[in-house]
Amino acid sequence: MKWFLVVCMVVVFMVGCSGKAAQSDQVIVYSNADEEAIAEMKKALDANGLKGQYIIQAIGTSELGGKMIAEGNKMEADVVTMASYFIDTAQQKHDLFVPIEAKKETLIEKPAYASPILGNMGAIFVNTELLKSKNLPMPTSIKDLTKPMYKNLVAIPNIMDSSTGWLLVQAILGAYGEKEGQQVLKDLITNVGPHLESSGSGPIKKVLTGEVAVGFGLRAQAVKAKAEGKPIQYIDPTEGNYALTESVAVVRKGGEKEKKAEKVANVITEHARAGLLTLYPVALYKGETVDATHEAKYAKQWDAPLTVELLEQHQQFFKHAQ
């Protein structure tokens, strides 16, 4: 009986060890993407021979950015999908990522160590029914939203909590500079009152429910809401529709695991991109097209590389206006 117990313990131990070994062979992906985007990545990976060979762990942008900067290649992840500016900053600090062979040509310049997988663009949107009932004019610019008639009827994302808020600040700074821009932002925040949102999707939710008449947020969300028959209209602000991208990168670890991680990254870029484009309709690669409704009238890019340091500068600009 004793020998039977010993054999059982050995078998359990060996199964446990083999389970750990199998798990260690899996490529660990850290991602700041939302559930829908992660679902598209999983679909592409499973359909291209990688089912069971990876684990995707969703982590918030700030937390993941902190891990990348603090841990470098000591973090568990083999692949990250993340805001491009965080990837660039981590690369500068740690030389963290390996070059990825480019399979497709991008519309914007990209570094060798990261490939863009989705893009977000900012815009104004309004609740047409509430706008009409309040007898308010249709705004055409962010500056319009500083007029007294919009007081407490505007929702915007807070740049301290949401990268979507950075799209707003870039538009104000790009159009008006620091001096005039500070006054524009100060007047805007006054009109926002209690509707400064910690989430990038907060403004569209408040506009949809009629809690406010106007919001600033992700253009694609407003386009989708209008297509679903909601009383929403989207407006490209004359200050510009600025955009942020998220990219995939492979952590420098060496060996066969790194090669497998590169395959995971390439599959996400090549095969998940079509699905991601439907969720985030911003063309990033040559040959990509989006419906005319998703073509922003005033698409712009910041005139310098986006980095965590630049974000912090723009956050200070925002704080000074509060």
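The values are calculated or read from the model by the stated rules, or taken from the named source; none is laboratory data. Just so you know, these numbers come straight off a predicted model, no measurement behind them. Here the Cβ is made from the backbone with ideal geometry for all residues, glycine too, and neighbour counts use every protein chain on show.
Things to note:
- Hits in region 251-275 (condition: assigned to a helix (DSSP H, G or I) and either small (Gly, Ala, Ser) or touching a helix residue (DSSP H, G or I) at 6+ places or on another chain (Cβ under 7 Å) (or both)): 255, 261, 264, 265, 267, 268, 271, 274, 275
- Those residues of region 155-171 which are assigned to a helix (DSSP H, G or I) and either within 16 Å of the chain's Cα centre (by Cα) or not small (Gly, Ala, Ser) (or both), in sequence order: 164, 165, 166, 167, 168, 169, 170
- Failed criterion for residue 117 (all others in (1) in a loop (DSSP other than H, G, I, E, B); (2) touching a strand residue (DSSP E or B) at 6+ places or on another chain (Cβ under 6 Å) hold): (1)
- Residue match in region 143-154 (condition: part of a strand (DSSP E or B), modelled with pLDDT of 95 or more, among the aliphatic types (A, V, I, L, M) and in contact with a helix residue (DSSP H, G or I) (Cβ under 6 Å, 6 or more places away or on another chain)): yes
- Residue count for region 24-42 satisfying the condition of being in contact (Cβ under 8 Å) with a residue 12 or more places away in the chain and over 27 Å from residue 85 (Cβ atoms): 2.
- Residues considered: 206, 186. Of these, the only one that is within 26 Å of residue 312 (Cβ to Cβ), modelled with pLDDT of 95 or more and outside the structural domain of residue 283 (by TED's automatic domain parsing) is 186.
- Taken over region 286-321, residues that are surrounded by 12 or more Cβ atoms within 10 Å (Cβ to Cβ) and in a loop (DSSP other than H, G, I, E, B) amount to 10.
- Unique match (being of a type in the set (A, V, I, L, M, F, W, C), modelled with pLDDT under 95 and under 30 Å from residue 48 (Cα atoms)) among 265, 227, 261, 220: 220
- Any hit, region 276-285, residues being assigned to a loop (DSSP other than H, G, I, E, B) and at pLDDT 95 or above: no
- Here residue 107 meets each of (1) in the same structural domain as residue 69 (by TED's automatic domain parsing); (2) over 22 Å from residue 293 (Cα atoms); (3) touching a strand residue (DSSP E or B) at 6+ places or on another chain (Cβ under 8 Å) with one exception, condition (2).
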